[in-house]
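Below is one structure, written out as structure tokens; comments come after it.
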Amino acid sequence: MQTDITSTMQNNQIIYEMPLNDAVRICLRLENLFHQFDKSIHESAMLATKNAMNALLKILEVTDRPDIKSKLSQTLTQYTSTLSQLNRSTQVDAPRLQTTLRKLEALNHYLHTHHARIGEPLRQNDFLYQIRTNLTVPGGVCDYRLPAYMLWQNKTPVEKSKDLKAWMETFQPLRDIIEAILQMTRGSMPLQPITAENGFYLQPLNPTVPCHLIRLAISTQQNFYPEFSAGKHRITIRFLTPSYFGTGKSTQVQTPLSFQLACCKI
């Protein structure tokens with residue numbers, strides 16, 4: 001099973017992440033869009049404003065999924081149940097655990113009591129709707145098709161930033177949920193050093209304790225990247241050297257290489 005891969009850079013390492021269930025996949029996509037918005041909102045250039053608007057509307061598109069609230073709620077419930085079992089352990093920081101459990105319960109309560117679709121006020125906004133329907137047009141949004149959007153883009157950077165932040169505020173509860181799920185998932189297992197022979201690595205998985213997320217760290221000094229294939233019982237990783245020109249076809253590494261791996265599960 002080939003799935004989406006995301007990457008971040010930390011401490012001279014590239015960390016690749018592959019989600020192994022739908023809820024974590026949704027969280028990673030939304031986190032990436034939130035980061036795109038944050039980066040663009042602080043720049044005054046018109047292109048940055050467009051990027052922030054695109055990120056906002058793509059978040060709205062992700063939340064169009066009819067099952068998104070149930071997926072996130074199931075994950076929060078599962079994490080709450082697993083952490084609650086730690087109450088019996090004397091080695092756990094009890095106050096910190098209770099704070100975490102209360103936070104998870106509050107986030108889950110929001111999903112259960114907020115009956116409207118996430119981001120529904122933005123769907124009722126005709127100005128945003130017009131922009132959104134043009135995002136799928138080949139070539140993207142053109143000014144001549146959306147004169148109101150063109151007028152808005154000519155507002156001052158401060159005014160546009162204020163508008164964008166006001167619209168994004170609609171997604172703040174969702175963002176809190178995404179951050180909580182990913183923080184707990186990533187923190188559930190530390191990265192471990194591993195050596196792969198001939199650019200290939202295989203690791204068995206326990207189907208009774210499903211893995212939620214694979215994290216893999218490689219030094220930025222090494223010129224190769226991972227290609228994942230995951231199933232219920234195992235994950236295989238091929239390491240490839242990229243080719244950017246000509247045929248653009250990557251080749252598998254043929255020498256031993258070192259990396260770090262974590263199979264995150266709760």
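Values in this text are rule-based calculations from the coordinates and carry no lab data. Because the structure is predicted, anything quoted here is derived from the model rather than measured. Heads up, the Cβs are rebuilt from the backbone with ideal geometry, glycines too, and the neighbour counts pull from every protein chain shown.
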Summing -39500 (n - 2.57) over every DSSP H run of at least 4 in the chain, dividing by its residue total and rounding to the nearest 500, the 222 nm mean residue ellipticity is -14500 deg cm²/dmol
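In percent, how large is the relative contact order of the range 5-65, given Cα pairs closer than 8 Å and 6 or more residues apart?
Relative contact order for the range 5-65 comes out at 24 percent.
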Given a Förster distance of 22 Å, the FRET efficiency implied by the Cβ-Cβ spacing of GLN221 and THR255, rounded to the nearest 0.05, works out to 0.90
Computed over the chain, the relative contact order (Cα-Cα under 8 Å, seq sep at least six) in percent reads 24 percent
Expressed in angstrom and ordered largest first, the alpha-carbon extents of the range 62-167 along the principal axes are 65, 31, 25
With label points set 7 Å from each Cα along the Cα-to-Cβ direction at LEU101 and ALA148, the distance between them in nm comes to 4.9 nm
Cα pairs beyond 25 Å in the chain, in percent, come to 56 percent
Tilt, helix 68-84 to longest principal axis of the chain (alpha-carbon atoms), in degrees rounded to tens, equals 40 degrees
Cα extents of the range 190-264 per principal axis, largest first, Å, are 45, 22, 19
Non-local residues with an amide H under 5 Å from the amide H of ASN198, with H modelled 1.01 Å from N and Pro and chain starts lacking one, are THR255, LEU257
